[in-house]
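Have a look at the structure below before the remarks.
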Amino acid sequence: MYIVINRGLEGGEFNYIFNLPDRVNREHKVFKELLTKNHMYYENTLDKYRKRYKGSLNLKSRWIHQLKTSISVIKLLLEKEKEKIIDENTRRSYESIEEELEKLSHGLEMELYSLRISDFEMDFKVEKIDLVDIVREVVNENKNAFIVNSIYPNLKSEEDIYVKSDKKWLKFIISQIISNSIKYTKVRDVEKNIYMLVFLKKRKGLFFP
């Protein structure tokens, strides 16, 4: 009886409770019932907080998606209004608003991915992905930031390159790289370029993108 309890204390897990012997004296039997009862109470309490936490994550996720929808609508309205503007100063003001909206959008996207980290195992889905297509997709999503900051994206690829990964997380990583590239290349009224090279590199008989 005490050998099993000591092993449980050393291991730091609660499963040892279910390994306690049944053929014990009255004192040990009461002790085992007490430990089992406390363990079940702990599990039930933990399960309650898990459900509450998951509900909170779902609520935050829906809220972020709603905000992202609102930002997309504002962007469309700004695009339509920009077409009517002739004054250059007003146009630049609109472009500054668009830039701030991009920052908001990226911030919400980062928060969304941070929520997914808690359920990483459930959220991670490995599939065959065209890496060049993902880069093009991210570049297109950041087109306003490229235009406003006079940055020209240059994507070069030797061939179609496919990788096995999770599309959402891979896109997030590439988005962070491109977003930081734009952030540290901001010099107004100067033409700039960001080069994205996608190729296969051979290392010890294997190819890595």
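The values are calculated or read from the model by the stated rules, or taken from the named source; none is laboratory data. Quick caveat: nothing in here was measured; it's all calculated off a predicted structure. Positions of Cβ are generated from backbone atoms using ideal geometry, with glycine treated the same way; all protein chains shown enter the neighbour counts. For accessibility, only protein heavy atoms count, side chains too; no ligands or nucleic acids. Shrake-Rupley method; radii C 1.70, N 1.55, O 1.52, S 1.80 Å.
Quick notes on this one:
- When K29, K60, K84 are screened for being among the basic types (K, R), part of a helix (DSSP H, G or I) and over 30 Å from I3 (Cβ atoms), only K60 passes.
- In the stretch 7-36, the residues that are surrounded by 10 or more Cβ atoms within 10 Å (Cβ to Cβ) form Cβ pairs under 7 Å with partners that are among the aromatic types (F, W, Y) and part of a helix (DSSP H, G or I), at six or more places apart or across chains, as follows: R7/Y16; G8/Y16.
- A single entry from E137, E141 fulfils the requirement of being modelled with pLDDT under 85 and open to solvent by 30 Å² or more (accessible area, probe 1.4 Å): E141.
- Condition met for P153 (at pLDDT below 75, over 20 Å from H65 (Cα atoms) and open to solvent by 30 Å² or more (accessible area, probe 1.4 Å)): no
- Looking across the stretch 156-192 at every residue that is part of a strand (DSSP E or B) and either out of contact with any strand residue (DSSP E or B) (no Cβ under 8 Å at 6 or more places or on another chain) or modelled with pLDDT under 85 (or both), the one that is least open to solvent (accessible area, probe 1.4 Å) is identified as K192.
- Some residue of the stretch 53-65 being open to solvent by 80 Å² or more (accessible area, probe 1.4 Å), under 24 Å from N144 (Cα atoms) and of a type in the set (A, V, I, L, M): no
- Any chance I74 is farther than 30 Å from V4 by Cα, part of a helix (DSSP H, G or I), among the β-branched types (V, I, T) and open to solvent by 40 Å² or more (accessible area, probe 1.4 Å): yes
- Some residue of the stretch 103-112 being loosely packed, with under 12 Cβ neighbours inside 10 Å, of a type outside the set (A, V, I, L, M, F, W, C) and out of contact with any strand residue (DSSP E or B) (no Cβ under 6 Å at 6 or more places or on another chain): no
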